[in-house]
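One structure is given here, and the rest of the page talks about it.
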Amino acid sequence: MAESIESLRSQLDALRNEIVELSELDDITTEQDARLDAAIAQHAEVKTRCEALEARSVAVAEVRAGYEAGHARPAFDVPNVNIRTTADKVFDHDTLRHDTNDELRERALTAVEKFLPREAGDPAREGATKLLSQRRQDSGVIARHVLRTSSPDYVQAFEEYLENPLGGQPRILSDHEARAAMSLTAGNGGVLIPQFLDASIVGHLTNDGVTNPIRQIASVAQITTDQWDGVTTAGVTGAWLAEAAQVTDNSPTFVGPTITPAKAAAWIFGSYEMLSDSSFDQVGYLIADAFDRLEGAAFITGTGSGQPYGLITQLSGAGPVVAGTSTGGANSAQFAPEDVYALDNALGPRFRNNASFVTSQYFANVIRAATDAKENFWSSFGGGMAPELIGYPVYRASTMATYPVMGAVGATTITSGSADYPLLLGDFKYFQIVDRLGTSIMYEPMIKSTGNNRPTGQAGWFAFRRTGADILTSNAFKTLKL
């Protein structure tokens, strides 16, 4: 039986409601997260079928109207027309019917689905889709940002700006490209990096320079203001009451944590000759890599002063720390496996269901060397490091302490009082990362000497973005101290 437009629209409404409900969950399970991805993909597929059927209906109506007006009826059957959404319709603000947040979001989702460059990959598409699927007050601002920085004209103008930032375009621009290029000038204070290269939208990055899994397991929020405001509470304390006894006041105490994003910057420069002879197509990826390496360190040991707070920085107090029983020795066999169980025993029941281990690759190997003979300690190793340790997922962060951080290179002994924190267990949804939406890049055409202010024959690129992070409650984590 052929599908009807009404049934497809009904499916779209149901899927849209499901996506919104799932995206607004504070404590989303693995199954719900997988369903969210599946619903987004199904919504895109049903939307394509609905648009094709609507286009076919319009084509049939036009042919019928022409025939009824006295024109010759065509001798062939009307085909199933699938009209592809054009860039003019998606990115042209003048064609907005209502200029509502819903319409802007639908256009932005279409832009991500149909006009994202193939080389951008799935992480960029998934990050932007999840961000746009959230119901929030500033959803219109986010949708406009995505539309502005993802059109093919904007991306092409951005690439040409990287190649020729002083404005001498190698060819005649279309009207759309001309409008995009007008916003890609140093006189306008910098350029917004295309959204599929923007770490504040993509959500996580990977590279060979650092292993930084924290974004994958933490709570990540994008803001369009200067700070993030949250609410936490220890909850309500209940009590048993006798008949006709007066109830006590068990009202919860609310705390409003705030996180202010700090500015991360990267500077790339070189001689005019090098810049002229080199291809800068990868500038965006180089900048993203630089920011990822900055975050890799900050999310673990950041001081909170001009940078995000790090996990170990905030968890080195008396409450979250579990003192290890491992003793000094000449090799990793001196590590006490009981220290791993001690972290599990110390973590509160509320936080165990979603808990994970974070450690360095080095220390993971130390634990493995000390526990290979113990059954059920690690899950099956397979071809590499096991994905679970005593039933909890394990993530390797290269900026976590090795075993231990002290002494000569290659030392494998524990030094008393060195205060190493090599192993962390907790529910990382209580580690909040906040990204100020938008990464900018500016071109400096003439670098001058600090001594005499003379040109050095060099030019450069300055990129910056803002990110903050902090722990919402230290009760959600336990860290091993050696």
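In this view, the solvent-accessible surface of Tyr395, computed with a 1.4 Å probe and all protein chains in place, comes to about 60 Å². Sequence-ordered 3J(HN,Hα) estimates for the range 423-440 from the Karplus curve with 6.51, -1.76 and 1.60 and θ = phi - 60° stand at 9, 10, 10, x, 8, 7, 5, 8, 9, 9, 9, 10, 10, 6, 4, x, 10, 10 Hz, glycine and proline given as x. When you count the other C-beta atoms within 10 angstrom of each residue and take the mean per peptide, 299-308, 428-437, 50-59 line up highest first as 428-437, 299-308, 50-59. For the peptides 215-221, 444-450, 244-250, the ranking by mean Cβ contacts within 10 Å, running from highest to lowest, is 215-221, 444-450, 244-250. In the structure shown, the pairs Lys89/Lys114; Lys47/Lys89; Lys429/Lys478; Lys263/Lys448 are assessed against 21 Å; a Cα-Cα span above that value is assigned to Lys263/Lys448. Sequence-ordered 3J(HN,Hα) estimates for the range 457-473 from the Karplus curve with 6.51, -1.76 and 1.60 and θ = phi - 60° stand at x, 10, 9, x, 10, 10, 10, 8, 8, 10, 9, x, 7, 6, 8, 7, 8 Hz, glycine and proline given as x. Taking 7 Å steps out from each Cα toward its Cβ at Arg9 and Asp27 produces label points 3.9 nm apart. For the pair Arg454 and Asp372 in one chain, pulling the backbone fully straight at 0.36 nm per residue adds 23.2 nm over the alpha carbon distance.
The values are calculated or read from the model by the stated rules, or taken from the named source; none is laboratory data. Note that the structure is predicted; figures quoted are calculated from it, not measured. Note that we place each Cβ from the backbone using ideal geometry, even for glycine, and neighbour counts take in every protein chain shown. To get the accessible areas, we keep the full protein, side chains included, count just its heavy atoms, and leave off ligands, DNA and RNA. Shrake-Rupley method; radii C 1.70, N 1.55, O 1.52, S 1.80 Å.
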